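Down below is the structure, laid out as structure tokens.
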Amino acid sequence: MGRAAYIRRRLVLTVFVLFGVTVIIFGMVHFLPGDPATTLLGDRATQQNIADLREQLGLNRPLPEQYWLFVSGLVEGQMGTSMQYHQPVRDMVAARVPITIGLSLYAMLLAAILTFTFGLLAAVRKGGVTDQAIRVAFLLALTTPSFWLGILLILVLALRLHWFPVAGFGTTFTDHIWYLFLPALTLGLGLAAVLIRNLRSSVITTTRSDYVRTARAKGLLERMVLLRHILRNAVLSTVTIFGLQFGFLIGGALVVETVFAIPGLGQLLFTSITSRDYPVVQAITVVTALMVILVNLLVDLSYSFLDPRVTYG
């Protein structure tokens, strides 16, 4: 099977996966305890006001009809209207998606830098003090919850050392890079902790291969052997894990955005869940699932570029 046929098959499967996502999130949201109409009305929540608002929001319709309206709206590019903000959900989500994607890509960049720097260093210094120190340090980062790790970074790097802002997003592109460094580092440390262990193990295993010994016997510089022969073959499994971890990275970004007061999807999702804003919660979940699916597809396609021997069967 060629690359084009593989992409077509994956896109067809994506439609079925998204359908499953819509069913699950619709059921979870509508079976949560609490009534959106009661939450939105607050002190004005009388029986009549609740009934009128439920009719206005369409909450008194049968669930199959509500689900059909939800899915048909997605197909048409419409995501409904926010119950809390009374704005088109599509516009609200579209304004915040670039922020969350930017934070995730920033975290992936930092994770890649940390992974190749410390992963290769740990593999080269296998069994030494440096190797042990790197493994212990990133094991602590892996076992620390992202929200707590973010708070620790704020206390040390922002409040004590004054190197970075505590929270916010800034106004210019330079501000965005500066303000998002701590949140991206919070996410990147957890991701790098997983990737470093895998890259270290893969490099050590690949180093024992016959073609590596042959390359060294030819007199190639150790740096060329490491980059051209060892790293290129060892990195495939790391790329796989990198793609699989993207879903967890997006989930972590939603939490970290709340800690650092970043106006992305996470902050909007948090406020929407507490106010039972069904259309917004459903839209954010579907958009997030779509991003994860597309990234996994790109990761699968990258194999053939990293190793021409890889085919799609």
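The values are calculated or read from the model by the stated rules, or taken from the named source; none is laboratory data. For clarity, every value in this text was computed on a predicted model and none was experimentally measured. Cβ atoms come from the backbone with ideal geometry, glycine included; neighbour counts cover every protein chain shown.
Just a few scattered comments:
- Subset of region 259-276 (residues that are surrounded by fewer than 24 Cβ atoms within 10 Å (Cβ to Cβ) and in a loop (DSSP other than H, G, I, E, B)): ALA261, PRO263, SER275, ARG276
- Annotation note: of ILE134, ILE204, ILE151, the sole residue that is under 21 Å from SER104 (Cα atoms), β-branched (Val, Ile, Thr) and assigned to a helix (DSSP H, G or I) is ILE151.
- Pair list, Cβ under 6 Å, 6 or more apart: region 78-92 residue over 16 Å from ARG276 (Cβ atoms), other residue at pLDDT 75 or above and among the hydrophobic types (A, V, I, L, M, F, W, C): MET79/VAL89; MET79/ALA283; ARG90/MET79
- Of the criteria (1) crowded, with 22+ Cβ neighbours inside 10 Å; (2) modelled with pLDDT under 85, which one LEU191 fails: (2)
- Single unsatisfied condition, TYR67 versus (1) at pLDDT below 80; (2) more than 26 Å from the chain's Cα centre (by Cα); (3) surrounded by 14 or more Cβ atoms within 10 Å (Cβ to Cβ): (1)
- Inside region 56-87, residues that are out of contact with any helix residue (DSSP H, G or I) (no Cβ under 9 Å at 6 or more places or on another chain) and not in a loop (DSSP other than H, G, I, E, B) make up a count of 6.
- Residue in region 223-243 that is under 29 Å from the mean Cα position of the chain (by Cα), at pLDDT below 70 and among the charged types (D, E, K, R) present: yes
- Total residues in region 19-53 satisfying the condition of being modelled with pLDDT of 70 or more, within 23 Å of LEU269 (Cα to Cα) and in a helix (DSSP H, G or I): the figure is 12.
- Out of ASP131, ASP52, sole residue that is outside the structural domain of ASN198 (by TED's automatic domain parsing), out of contact with any Phe, Trp or Tyr (no Cβ under 8 Å at 6 or more places or on another chain) and charged (D, E, K, R): ASP52
- Subset of region 162-176 [surrounded by 14 or more Cβ atoms within 10 Å (Cβ to Cβ) and assigned to a helix (DSSP H, G or I)]: HIS176
- Flag if LEU149 is modelled with pLDDT of 85 or more and at negative phi: yes
- For region 115-138, the set of residues classified as under 21 Å from GLN245 (Cα atoms) and among the hydrophobic types (A, V, I, L, M, F, W, C) consists of PHE116, PHE118, LEU120, ILE134, VAL136, ALA137, PHE138, listed by residue number.
- Screening the candidates LEU195, LEU159, LEU199, LEU185 for the property of being farther than 18 Å from LEU139 by Cα and part of a helix (DSSP H, G or I) yields one hit, LEU159.
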